[in-house]
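The following block contains the structure, expressed as structure tokens.
What follows is calculated from the coordinates using simple rules that are stated; it is not laboratory data. Since the structure is predicted, the reported quantities are computational estimates derived from the model, not experimental observations. Don't worry about glycine lacking a Cβ; one is built from the backbone with ideal geometry, like all the others, and counts go over all protein chains shown.
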Amino acid sequence: MGRSMMALGVSALLAMGLLWQPQVIGALGWPWRLVMVALGAWALGAGFMVGGGLRLKSAWGRRLLGEPLCWPLLGSFTVLWLLLALWS
């Protein structure tokens, strides 16, 4: 229960940060912006799925959006977003 709530909390904080300062990603060039948007959608989607307790039936969906991969995705996106926010 604690890990799922942490995933939900981190995802919610990242989503609020992106809504509060969208210029952090908007200042990037198109290729990097596309990478950050794709990574952010994947990371936040996985975090909200784990936090909400949702489970997919397909094996590939569980691998891509499930618990083991959720943490590196959220961590890498958080670090990248924070570095960009501090740099800009």
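Do you know which of the residues in the stretch 56-82 that are of a type in the set (Ser, Thr, Tyr) and assigned to a helix (DSSP H, G or I) is surrounded by the fewest Cβ atoms within 10 Å (Cβ to Cβ)? Outline the logic, then answer.
Restricting attention to the stretch 56-82, the residues satisfying the condition of being of a type in the set (Ser, Thr, Tyr) are 58, 76, 78.
From what's left, assigned to a helix (DSSP H, G or I): 76, 78.
Details: 76: 12, 78: 18.
Here the residue is 76.
List every residue pair whose Cβ atoms sit under 9 Å apart, with the two residues 6 or more apart in sequence or on different chains, where the first one lies in the stretch 60-73 and is among the small types (Gly, Ala, Ser) and the second, anywhere, is in a helix (DSSP H, G or I).
66/46; 66/49; 66/50
Please go through the stretch 23-51 and pick out each residue that is more than 14 Å from the chain's Cα centre (by Cα) and in contact (Cβ under 8 Å) with a residue 12 or more places away in the chain.
The answer is 23, 24, 27, 28.
Moving on to the next point. What number of residues within the stretch 28-43 are in a helix (DSSP H, G or I) and surrounded by 11 or more Cβ atoms within 10 Å (Cβ to Cβ)? Let's see the steps before the verdict.
First, the residues of the stretch 28-43 that are in a helix (DSSP H, G or I): 30-43.
Now narrow it down to the ones that are surrounded by 11 or more Cβ atoms within 10 Å (Cβ to Cβ): 32-37, 39-43.
Summing the residues that are in a helix (DSSP H, G or I) and surrounded by 11 or more Cβ atoms within 10 Å (Cβ to Cβ) in the stretch 28-43 gives 11.
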